[in-house]
Amino acid sequence: MEQLKIEETQDLLIVSVKQQRLYHQKEGKSVKTYVASTSLKAPSCKEDSLGTPWGLHEVCEVIGVGQPLGMVFQGRKPIGSHYWDCEEEMQQKNLITSRILRLTGLQEGLNRGGEQDTFKRFVYLHGTNHEDRLGKPASSGCIQLGNQEVIDLANQVSSGSHFFISLH
């Protein structure tokens with residue numbers, strides 16, 4: 001942490017791409033493990049790769065607090081409909097639902113800056129309308145959780161929390 005000139009945070013979220021799991025730790029103690037999904041494509045920090053970036057990140061914004069379970073977001077704004085109320089064509093897509101934890105990279109040249117910037121790539125942790133796909137790669141670069149799980153997690157963590165994405 002000293003090398004990056006950052007301080008430890010109370011909450012740490014760790015995503016294992018290999019295991020398709022998200023681990024929540026608070027003050028160094030395990031709180032909960034969630035079944036997750038990362039990118040269908042190979043992990044990548046490059047822009048336009050549709051791969052999940054790795055390394056140390058920070059939750060820079062928690063979006064959607066107070067919105068109902070299943071609310072669909074476009075451009076980080078609620079559209080006023082639950083995913084199950086959307087037209088069939090829209091439901092086929094990987095929708096961003098329930099909550100968004102927006103991420104920003106903390107490692108210059110790896111996931112921050114240039115063509116490898118997690119924030120500029122709009123990589124999030126969010127709910128999904130395809131909960132049946134959790135546990136295997138299914139996203140377009142984001143990390144997905146079940147809708148109730150992402151709401152619960154968003155209620156427990158705050159902006160500034162560290163978020164580490166591991167390939168292992």
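The values are calculated or read from the model by the stated rules, or taken from the named source; none is laboratory data. The shown structure was predicted, so the numbers you read here are calculated from the model rather than taken from an experiment. Note: ideal-geometry Cβ built from the backbone for every residue, glycine included; neighbour counts use all protein chains shown.
Regarding Pro43, is this residue touching a Cys at 6+ places or on another chain (Cβ under 7 Å), crowded, with 16+ Cβ neighbours inside 10 Å and closer than 14 Å to Ile143 by Cβ? Answer is no for this residue.
Please tell me if Gly114 is out of contact with any Pro (no Cβ under 8 Å at 6 or more places or on another chain) and modelled with pLDDT of 95 or more. Here the answer is yes, as Gly114 does meet what is asked.
Give the residue that is nearest to Val157 (Cα to Cα), with candidates limited to residues of the range 96-109 that are under 13 Å from the mean Cα position of the chain (by Cα) and not polar (S, T, N, Q). Walk me through how you get there before you give the answer.
Here is the first cut: in the range 96-109, the residues under 13 Å from the mean Cα position of the chain (by Cα) are 96-105.
Checking the rest, the ones that are also not polar (S, T, N, Q) come to 96, 99-103, 105.
Numbers: Ile96: 19, Arg99: 12, Ile100: 12, Leu101: 9, Arg102: 12, Leu103: 13, Gly105: 17 Å.
For the range 96-109, the residue satisfying everything is Leu101.
If you go through the range 7-54 and keep only what is in a loop (DSSP other than H, G, I, E, B), more than 13 Å from the chain's Cα centre (by Cα) and closer than 16 Å to Ile165 by Cβ, you end up with Thr9, Lys18, Gln19, Leu40, Lys41, Ala42, Pro43, Ser44, Cys45, Lys46, Ser49, Leu50. Which number in (1) touching a Pro at 6+ places or on another chain (Cβ under 8 Å); (2) modelled with pLDDT under 95 marks the one condition that Gly28 misses? Answer for Gly28: the failing condition is (1).
Take the residues in the range 62-72 that are in a strand (DSSP E or B) and in contact with a Phe, Trp or Tyr (Cβ under 9 Å, 6 or more places away or on another chain); name whichever of them is farthest from Gly141 (Cα to Cα).
Pass one, the range 62-72, residues in a strand (DSSP E or B): 62-63, 71-72.
Those left that are additionally in contact with a Phe, Trp or Tyr (Cβ under 9 Å, 6 or more places away or on another chain): 63, 71-72.
Numbers: Ile63: 18, Met71: 20, Val72: 18 Å.
Among residues in the range 62-72 that are in a strand (DSSP E or B) and in contact with a Phe, Trp or Tyr (Cβ under 9 Å, 6 or more places away or on another chain), the one farthest from Gly141 (Cα to Cα) is Met71.
Residues are listed down the side, and each one gets a yes or a no for (1) out of contact with any Ser or Thr (no Cβ under 6 Å at 6 or more places or on another chain); (2) modelled with pLDDT of 95 or more; (3) buried (at least 18 other Cβ atoms within 10 Å of the Cβ); (4) among the hydroxyl-bearing types (Ser, Thr, Tyr):
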| site | (1), (2), (3), (4) |
| --- | --- |
| Leu4 | yes, no, no, no |
| His24 | yes, yes, yes, no |
| Ala36 | yes, yes, yes, no |
| Trp54 | yes, yes, yes, no |
| Glu58 | no, yes, yes, no |
| Pro68 | yes, yes, no, no |
| Met90 | yes, yes, no, no |
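The rows are residues; the columns are (1) more than 22 Å from Asn147 (Cα to Cα); (2) among the hydroxyl-bearing types (Ser, Thr, Tyr).
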| site | (1), (2) |
| --- | --- |
| Gln10 | yes, no |
| Tyr23 | no, yes |
| Tyr34 | no, yes |
| Leu56 | yes, no |
| Val59 | no, no |
| Val62 | no, no |
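The numbered conditions (1) farther than 23 Å from Lys5 by Cα; (2) part of a loop (DSSP other than H, G, I, E, B) are all true for Ile100 except (2).
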